[in-house]
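Okay, structure first, notes after.
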4 protein chains.
Amino acid sequence: MTVGELVHEMKECGVLGAGKIGRAAELAAEMFGGKDYTVFLTMAGPMVPGGMRRIVGDLINQGYVKVVVSTGANMVHDIVEALGYKHSVGTFLAEDKELRAKDIGRIGDIYIEQKAFRSLEEWMHKTLENIPEEKRRHISTAELLFELGKEIQDPESILAIAAKKRVPIISPAFVDSIAGFHLWMFGQDKKIGLDPILDVNKLMDKVYDAKKAGIIILGGGWPKHFALFANTFREGVDCAIQITMDRPEPGGLSGATLEEAISWGKVKPGGKSVTVICDATIAFPLVVAAALESLGKIH
Amino acid sequence: MTVGELVHEMKECGVLGAGKIGRAAELAAEMFGGKDYTVFLTMAGPMVPGGMRRIVGDLINQGYVKVVVSTGANMVHDIVEALGYKHSVGTFLAEDKELRAKDIGRIGDIYIEQKAFRSLEEWMHKTLENIPEEKRRHISTAELLFELGKEIQDPESILAIAAKKRVPIISPAFVDSIAGFHLWMFGQDKKIGLDPILDVNKLMDKVYDAKKAGIIILGGGWPKHFALFANTFREGVDCAIQITMDRPEPGGLSGATLEEAISWGKVKPGGKSVTVICDATIAFPLVVAAALESLGKIH
Amino acid sequence: MTVGELVHEMKECGVLGAGKIGRAAELAAEMFGGKDYTVFLTMAGPMVPGGMRRIVGDLINQGYVKVVVSTGANMVHDIVEALGYKHSVGTFLAEDKELRAKDIGRIGDIYIEQKAFRSLEEWMHKTLENIPEEKRRHISTAELLFELGKEIQDPESILAIAAKKRVPIISPAFVDSIAGFHLWMFGQDKKIGLDPILDVNKLMDKVYDAKKAGIIILGGGWPKHFALFANTFREGVDCAIQITMDRPEPGGLSGATLEEAISWGKVKPGGKSVTVICDATIAFPLVVAAALESLGKIH
Amino acid sequence: MTVGELVHEMKECGVLGAGKIGRAAELAAEMFGGKDYTVFLTMAGPMVPGGMRRIVGDLINQGYVKVVVSTGANMVHDIVEALGYKHSVGTFLAEDKELRAKDIGRIGDIYIEQKAFRSLEEWMHKTLENIPEEKRRHISTAELLFELGKEIQDPESILAIAAKKRVPIISPAFVDSIAGFHLWMFGQDKKIGLDPILDVNKLMDKVYDAKKAGIIILGGGWPKHFALFANTFREGVDCAIQITMDRPEPGGLSGATLEEAISWGKVKPGGKSVTVICDATIAFPLVVAAALESLGKIH
């Protein structure tokens, strides 16, 4: 049984979680298959550490995703993998004091050696120095991430692929990440100035240029808000998929429904949307594989 | 890409939800493949209305599952489908007063016509009458469900398949269901007496006979407790998979971890277990399909 | 600041969790204050181990709650406390294999010595023997729990208070509990037969007699369904409060909304209801204290 | 019964949600009462729309909170309230297309008129113009929010109080908010440049100056990460309370445990921490009121 066949049965079932997966695959196929769709992918949560790095890289490489809005953390983890450090399988039931003593950081049941981030700091410093001062003294995160991406050798790196394909990775909250603090440290002696207002320009260009706008939201967080709010300037996205484990009752944005988004003009009243309540590392590969299979692309 | 291949990649990833799906498929294959495993399947939540009817029926039919502990509700929905009523796709965003007026009951985003339950009542009455009074005046739910299953024509009915394969469906809380109340109504004029203590006998026989005990828990609820507690009499199950969306922090049994179960002797200290935090209508088909594929069985 | 004053501010705020707490206190006051209300309290989850024993006992003792539908587990924990065993503060981050070795069972972050259940077994055996065989060979759980309650000395025992006040505690799924298995063991040599169909009678009497029906649902589970379904025979409860941490999207009954309940005739279309998404050990004392304060009763 | 008395009983109970509330009140009292504590408050989610505005303002005004890290959204809602617009009680079960047509935005069950944001835009424009160009062409969000706070008349405004008390409100992801986009629009004709790297300076000053560092995390999100990560430079906070409805299993930062934080050096191995799984609009007022009561301060 292929993934597409399983997901097709889920679509036929049509209810509960299965129904949502089926619908999401359908909408993803529409967004990926439609030449007039500009697809925005937003990432929050441990997407890269959680194994989504290849899928996201492929989606950018094959032109399905045109804009990425991501937390800095995911880019940090992308770079450390490019530097040769692997995330390894740990456990939620860890002795965290021991991990601290062993210089290992835990993300759920994922372990990463802290020395990966020391290597990252060196690499960041070196790479930042190579950006002309004139440029880096007032730079958007998109431009910064493009500069970083150009320097990465690893062909599986999201940043490298995005730089090659000229797909912007926009991360206005980048300073809130390990690499963001590296920027701060760099800035103690050298000139660097990040300006996320410039990122709004970059994002708005994509929003205005889009014939149809589609969005795939992984996790939620500020990337969800940033990309959706930008799209209010075109009366909302035409198509939206969100995959989250957050719930709406506390009122936070991450768990907010895509129906609520209509009230803000973030999703068109006539738009199509679906929320899949599921761990993204389960739902996203399932939905993407099924969508690409239905479009006749081998995954 | 086959389901097995996708799940294999999830297993290789090894972390977060994907890692759990991968591990669950591995353990399911072990339980289904091992001749010495007695597999207990527990069901709570809308498994039958949610589309799991065929998968469960197949697992019983092909001998993978040897004991079922289920809420009465799932059996009720199994019978109404056998009587020709279909669960249909509705919406969570329903106008429930309207549904009431239209005589439709809602389960999440699933709709079912109330007249299905009126047909059920007639069928129950007729079928109960055909059970000799001597038997039905003091009967276990397992025996009752066997008697009901023998009368069902639908080859896809879980009850019918279980009756044919002599796989007990044990439901001590059966009275808490629409059909349970039908028993009560029947009992207004005729003799009927349900005794769930007899069900303990039936369940304990299976527990004692098992060389190795495996359990697959869908949803949680009292079936989870009943089956796990019974297994404390053999120092715990050897292998356990639970698929739930409940969380452990409120302390309830449904969200309780399989590690906590060790403290009760419900899972052997050396046993293998995994909890998949996921909607069962997504995770269960995924895990079963992958497990059967790895065993070389076409699904 | 009194609890009532805080909850009043939450009511004034009116939104999100605070708004729900405020509304729940308002409805609880209406149900407790109204002479024509029959209040059904349903309990699932670790209410007794979690510290709710005194509050529930008081509500029964003071006549606010007229019917209890509870899991057997909560009654088991009530009895072991009456036998002098205390639930103690443990941790979710336990080494469960060690707890097993130390003969301690864990419920979330609550520990209880297993020997409490061995004492329970002795007490159950002794107490069951004192019930005339004629009675116990075909007994409802409500009748059984009444008989047990009469034998309990502890004035804080829910069972004892309920027996004294003639408030039925109905537990058709009682066999799914440690004490339920004690019944089974007792039944190996002596006559005992539980018949939950008789419990339906008991519950239905209360439903039919109620002028107005109110329900407070703690946790969910089968008690929620049993009590709500019984009330479909009077077109639904007039007033409902549910406190749960479960969510609706997986379609299970525990997380189902009280709006969905309207489609089944479980809640009157014109009824008042509120769902508080919160741990019951936080929300229930808050709501009850505020409600009683607003009624002028010292808590 | 006072709030403090209720929470004291929860502390005595010591388990499940009640136990966490009790512990959180204890730690909050320690942080508020201790002269050597620098308390960082992080806010994500609908804290201001959800009614937490006054509590937060008071905590800043009375010197209990020394640093705030907040999403821009919460500051936006603070300003619109200062401009005279009220958040009103709506419903989760809204017809969002109708709300859109009526120019109302929904946040959970909270409604706010969109015209509030048009007023905000005017006010932002006016206020930004009054900031000398030299300053606003390269400004931190903390400095910007200070400038905005100085212009707000409403004595209950968090921004106004913070400006008066010189408590920094740090919001490096500010551009991801309605006001953030107003900055962008302002920047189409006028000079403005936000630099969140400067915010790191501000935050790090507070981290380095702290004798003891305490943190109260509402909701999670990037503010949680930013404040905790900054504290890795002092080997972690000494005391931490987080109130969230997110769960750890998907691996995201918002639901991550404070134990996991130890592995990153975000919380000292010997530090004290508690996570309350609860809606912040229920837990935060409860915890703060109880803490202040135990310190002898009338709330």
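The values are calculated or read from the model by the stated rules, or taken from the named source; none is laboratory data. Bear in mind that the values here come from a model prediction, so they are computed numbers and not experimental data. Here the Cβ positions follow ideal geometry from the backbone for every residue, glycine too, while neighbour counts run over all protein chains shown.
Can you tell which of A:Glu26, A:Glu30, A:Glu9 is acidic (Asp, Glu), within 11 Å of chain B (Cβ to nearest Cβ) and in a helix (DSSP H, G or I)?
Only one candidate qualifies: A:Glu9.
I'm checking my understanding of the structure. Among residues of the range A:12-22 that are part of a helix (DSSP H, G or I) and either out of contact with any Asp or Glu (no Cβ under 8 Å at 6 or more places or on another chain) or at the interface with chain B (Cβ under 9 Å from one of its Cβ atoms) (or both), which one is surrounded by the fewest Cβ atoms within 10 Å (Cβ to Cβ)?
Ranking the qualifying residues of the range A:12-22, first place goes to A:Glu12.
Could you figure out which of (1) in a loop (DSSP other than H, G, I, E, B); (2) closer than 29 Å to A:Asn61 by Cα; (3) over 19 Å from the mean Cα position of the chain (by Cα) isn't true of A:Asp189?
A:Asp189 satisfies all of (1) in a loop (DSSP other than H, G, I, E, B); (2) closer than 29 Å to A:Asn61 by Cα; (3) over 19 Å from the mean Cα position of the chain (by Cα) except (2).
Of the conditions (1) touching a residue at least 40 places away in the same chain (Cβ under 8 Å); (2) of a type in the set (A, V, I, L, M); (3) more than 23 Å from D:Leu198 (Cβ to Cβ), A:Ala163 satisfies every one except a single condition; which number is it?
(1)
Taking the range C:216-256 as the search range and keeping residues that are more than 23 Å from B:Thr281 (Cα to Cα) and among the β-branched types (Val, Ile, Thr), which one is farthest from the other protein chains (Cβ to nearest Cβ)?
C:Ile216
Quick check: is even one residue across the range D:23-40 aliphatic (A, V, I, L, M), at pLDDT 95 or above, closer than 30 Å to D:Ala179 by Cα and crowded, with 24+ Cβ neighbours inside 10 Å? Talk me through it step by step, then tell me what you get.
Of the residues in the range D:23-40, the ones aliphatic (A, V, I, L, M) are D:24-25, D:27-29, D:31, D:39.
From the residues that got through so far, the ones that are at pLDDT 95 or above too are D:24-25, D:27-29, D:31, D:39.
Then drop every residue that is not closer than 30 Å to D:Ala179 by Cα, which leaves D:39.
Then drop every residue that is not crowded, with 24+ Cβ neighbours inside 10 Å, which leaves D:39.
Taking every residue of the range D:23-40 in turn, at least one turns out to be aliphatic (A, V, I, L, M), at pLDDT 95 or above, closer than 30 Å to D:Ala179 by Cα and crowded, with 24+ Cβ neighbours inside 10 Å.
Given the conditions (1) in contact with a Gly (Cβ under 9 Å, 6 or more places away or on another chain); (2) more than 19 Å from C:Ser273 (Cβ to Cβ), report the number of the one that C:Tyr37 does not fulfil.
The number of the failed condition is (2).
Name every residue in the range A:257-299 that is at the interface with another protein chain (Cβ under 7 Å from one of its Cβ atoms), under 23 Å from C:Ile277 (Cα atoms) and touching a residue at least 24 places away in the same chain (Cβ under 8 Å), in order of residue number.
A:Ile277, A:Cys278, A:Asp279, listed by residue number.
Among the residues of the range B:194-206, write down those that are facing chain C (nearest Cβ under 8 Å) and either in a helix (DSSP H, G or I) or surrounded by fewer than 24 Cβ atoms within 10 Å (Cβ to Cβ) (or both). Full working, then the answer.
We begin by selecting, within the range B:194-206, every residue facing chain C (nearest Cβ under 8 Å); these are B:194-197, B:199-201, B:204.
Matches in the range B:194-206: B:Pro196, B:Ile197, B:Asp199, B:Val200, B:Asn201, B:Met204.
Residues in the range C:207-215: is at least one part of a helix (DSSP H, G or I), within 30 Å of B:Ile282 (Cα to Cα) and either among the hydrophobic types (A, V, I, L, M, F, W, C) or in contact (Cβ under 8 Å) with a residue 60 or more places away in the chain (or both)? Quick ask: steps written out before the conclusion?
So in the range C:207-215, the residues part of a helix (DSSP H, G or I) come out as C:207-209.
If we keep only those that are within 30 Å of B:Ile282 (Cα to Cα) as well, we get none.
No, there is no match, as no residue in the range C:207-215 is part of a helix (DSSP H, G or I), within 30 Å of B:Ile282 (Cα to Cα) and either among the hydrophobic types (A, V, I, L, M, F, W, C) or in contact (Cβ under 8 Å) with a residue 60 or more places away in the chain (or both).
C:Leu183 - would you say it is at the interface with chain B (Cβ under 8 Å from one of its Cβ atoms), surrounded by 20 or more Cβ atoms within 10 Å (Cβ to Cβ) and within 30 Å of B:Lys272 (Cβ to Cβ)? Write out each step before concluding.
Working: at the interface with chain B (Cβ under 8 Å from one of its Cβ atoms): yes; surrounded by 20 or more Cβ atoms within 10 Å (Cβ to Cβ): yes; within 30 Å of B:Lys272 (Cβ to Cβ): no.
Criteria not met by C:Leu183.
Give the range A:43-59 a look and list any residue that's among the aliphatic types (A, V, I, L, M) and either part of a helix (DSSP H, G or I) or more than 12 Å from the chain's Cα centre (by Cα) (or both), or say none. Give the derivation first.
At the first step, the residues of the range A:43-59 found to be among the aliphatic types (A, V, I, L, M) are A:43-44, A:47-48, A:52, A:55-56, A:59.
Listed by number, the residues that qualify are A:Val48, A:Met52, A:Ile55, A:Val56, A:Leu59.
Identify all residues within the range C:142-160 that are without any contact (Cβ under 8 Å) to a residue 60 or more places away in the chain and closer than 25 Å to C:Leu228 by Cβ; write none if there are none. Give the derivation first.
Restricting attention to the range C:142-160, the residues satisfying the condition of being without any contact (Cβ under 8 Å) to a residue 60 or more places away in the chain are C:143-144, C:146-147, C:149-151, C:155.
Correct list: C:Glu143, C:Leu144, C:Phe146, C:Gly149.
Evaluate the following for D:Thr244: is it β-branched (Val, Ile, Thr) and surrounded by fewer than 20 Cβ atoms within 10 Å (Cβ to Cβ)? Give the derivation first.
Working: β-branched (Val, Ile, Thr): yes; surrounded by fewer than 20 Cβ atoms within 10 Å (Cβ to Cβ): no.
Spelling it out, it is not the case that D:Thr244 is β-branched (Val, Ile, Thr) and surrounded by fewer than 20 Cβ atoms within 10 Å (Cβ to Cβ).
Any residue at all in the range B:82-89 that's within 16 Å of C:Ile262 (Cβ to Cβ), surrounded by fewer than 16 Cβ atoms within 10 Å (Cβ to Cβ) and either in contact with a helix residue (DSSP H, G or I) (Cβ under 8 Å, 6 or more places away or on another chain) or at pLDDT 95 or above (or both)?
Going residue by residue through the range B:82-89, those that are within 16 Å of C:Ile262 (Cβ to Cβ) are none.
No, every residue in the range B:82-89 fails to be within 16 Å of C:Ile262 (Cβ to Cβ), surrounded by fewer than 16 Cβ atoms within 10 Å (Cβ to Cβ) and either in contact with a helix residue (DSSP H, G or I) (Cβ under 8 Å, 6 or more places away or on another chain) or at pLDDT 95 or above (or both).
When you scan the range A:106-143, how many residues do you find that are touching a Pro at 6+ places or on another chain (Cβ under 8 Å) and more than 23 Å from D:Ile139 (Cα to Cα)? Give the steps one after another, and end with the answer.
Within the range A:106-143, the first condition is being touching a Pro at 6+ places or on another chain (Cβ under 8 Å), and the residues that meet it are A:107-108, A:110, A:112, A:140-142.
Next, only the ones that are more than 23 Å from D:Ile139 (Cα to Cα) stay: A:107-108, A:110, A:112.
Qualifying residue count, the range A:106-143: 4.
Only one residue in C:Gly251, C:Gly255 is touching a Pro at 6+ places or on another chain (Cβ under 7 Å), at positive phi and of a type outside the set (A, V, I, L, M, F, W, C). Which one? Don't jump to the end; show me each part of the working.
Working: C:Gly255 fails: at positive phi.
Being touching a Pro at 6+ places or on another chain (Cβ under 7 Å), at positive phi and of a type outside the set (A, V, I, L, M, F, W, C) holds for just one of C:Gly251, C:Gly255, which is C:Gly251.
Before we move on, is B:Leu183 aliphatic (A, V, I, L, M) and in contact with a helix residue (DSSP H, G or I) (Cβ under 6 Å, 6 or more places away or on another chain)?
yes
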